[in-house]
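S.K.: Supplied in structure tokens, the structure appears directly below.
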Amino acid sequence: MTDNDTGIGREAERDDDQGGGPRRLGDVEGDFRSGFVAVVGRPNVGKSTLVNKILDEKITIVSNKAQTTRHQIRGVLTDADSQLVFVDTPGIGKPRSALGSHLNEVASGAMTDVDVICLVIDGRSGFGRGDRMLADRLDPEQTVLVLNKIDGLEPEKVLGQLAEVSELGFSAYFPVSAWTGRGVDALVEHLRSRMPPGPLWYPADTVTDVPEAFVVAELVREQLLRMTRDEVPHSVATRVVEWEWPRIRVEILVERESQKGIVIGKGGENLKQVGIRVRKQLPPEVYLELVVNVEKNWQDDPESIERLGY
């Protein structure tokens, strides 16, 4: 994986509207607008899918499992007149471990010092108690409600759900399908209009600020989430322990020996399939090695959580 694949660490120049030279980081010029958008919500409402669709590039992994996103991940959308920095966050829910409590804190921290908050709710399951508890914490004037997963829903149901949440008094409401892209362009245009005059926070061709090693480790975890049983996903952590291009070694941590067996699979088949699927998303010259180790109860050990970068 190179800088061109991730948009990380590159210098970029972009002519301003008058053709007077490159726009520089930190400069406020003319009518240029920029700012930060926190994307928050309960687990599995489609926050990461929405951010990936807005950027038209995969910067964060997706699955139907809780705790898929475990970090604040920034995605950058830049055009001639604006730069939007989206902060994808872990789903906020009832914590089952010290890790869960920490992820709630990570998500809550993303809601400070941003220009707009997008509260994403699942249009298929409707506005529930968990959504209500989160909505009550938000500044209505700062918040845009995004009703996601409207693909396949009858128009009457979409209108009914929008009517139900309208009493929250948020500044705007957008029905979208992050999967198909329906309604996403209108949402982005609205967010652009909400940005104040501001500088170029990132080089114009940056798409995300996450390191390459983080991306590879997350791709491994994504495939594990898709392939393993329900008892394993929360217990899996991944990290790159060796990076000597093109050789990459990724450690997979689980909490119990039985989980190690599930991850590896009979005759190593599960681990083999994970490697095959991840390599398809990496440059062809990459040699990817996967190893599985047990670290008991790491989710409830603050030192392990910190060491693993959460």
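The values are calculated or read from the model by the stated rules, or taken from the named source; none is laboratory data. Bear in mind the structure is a predicted one, so any value in this text is a computation, not a measurement. All Cβ positions, even for glycine, are placed from backbone atoms using ideal geometry, and neighbour counts span all protein chains on display.
S.K.: Going through the stretch 278-307 one residue at a time, which ones are surrounded by 15 or more Cβ atoms within 10 Å (Cβ to Cβ), out of contact with any Lys or Arg (no Cβ under 6 Å at 6 or more places or on another chain) and closer than 18 Å to residue 236 by Cα?
M.R.: 278, 290, 295, 298, 299, 300, 301, 304, 305
S.K.: Do we find that residue 281 is outside the structural domain of residue 44 (by TED's automatic domain parsing), touching a helix residue (DSSP H, G or I) at 6+ places or on another chain (Cβ under 7 Å) and over 22 Å from residue 52 (Cα atoms) in this structure?
M.R.: For residue 281, the condition - outside the structural domain of residue 44 (by TED's automatic domain parsing), touching a helix residue (DSSP H, G or I) at 6+ places or on another chain (Cβ under 7 Å) and over 22 Å from residue 52 (Cα atoms) - is not met.
S.K.: Test each condition in (1) over 22 Å from residue 83 (Cβ atoms); (2) out of contact with any Lys or Arg (no Cβ under 9 Å at 6 or more places or on another chain); (3) outside any loop (DSSP other than H, G, I, E, B) for residue 190 and report the one that comes out false.
M.R.: Every condition holds for residue 190 apart from (1).
S.K.: Quick one: in the stretch 54-77, of everything that is crowded, with 22+ Cβ neighbours inside 10 Å and at pLDDT 95 or above, which residue is farthest from residue 307 (Cα to Cα)?
M.R.: 54
S.K.: Additional query: Out of everything in the stretch 101-128 that is among the small types (Gly, Ala, Ser) and at pLDDT 90 or above, what residue ends up being farthest from residue 147 (Cα to Cα)?
M.R.: Going through the qualifying residues, I end up with 128.
S.K.: State all residues of the stretch 231-269 that are under 23 Å from residue 90 (Cα atoms), out of contact with any Phe, Trp or Tyr (no Cβ under 7 Å at 6 or more places or on another chain), touching a residue at least 40 places away in the same chain (Cβ under 8 Å) and not in a strand (DSSP E or B); if no residue qualifies, say none.
M.R.: Those that are under 23 Å from residue 90 (Cα atoms), out of contact with any Phe, Trp or Tyr (no Cβ under 7 Å at 6 or more places or on another chain), touching a residue at least 40 places away in the same chain (Cβ under 8 Å) and not in a strand (DSSP E or B): 233, 234, 235.
S.K.: Go over the candidates 176, 207 one by one and state the one that is farther than 14 Å from residue 116 by Cα, touching a residue at least 60 places away in the same chain (Cβ under 8 Å), among the β-branched types (Val, Ile, Thr) and not assigned by TED's automatic domain parsing to the domain that holds residue 138.
M.R.: 207
S.K.: Residues 226, 221, 247: which one is surrounded by fewer than 19 Cβ atoms within 10 Å (Cβ to Cβ), of a type in the set (D, E, K, R) and under 19 Å from the mean Cα position of the chain (by Cα)?
M.R.: Sole residue among the options that is surrounded by fewer than 19 Cβ atoms within 10 Å (Cβ to Cβ), of a type in the set (D, E, K, R) and under 19 Å from the mean Cα position of the chain (by Cα): 226.
S.K.: Let me ask something additional. Would it be correct to say that residue 275 is in a helix (DSSP H, G or I), under 15 Å from residue 218 (Cα atoms) and without any contact (Cβ under 8 Å) to a residue 60 or more places away in the chain?
M.R.: yes
S.K.: Across the stretch 265-300, what is the number of residues that are charged (D, E, K, R), more than 25 Å from the chain's Cα centre (by Cα) and under 30 Å from residue 101 (Cβ atoms)?
M.R.: Of the residues in the stretch 265-300, 2 are charged (D, E, K, R), more than 25 Å from the chain's Cα centre (by Cα) and under 30 Å from residue 101 (Cβ atoms).
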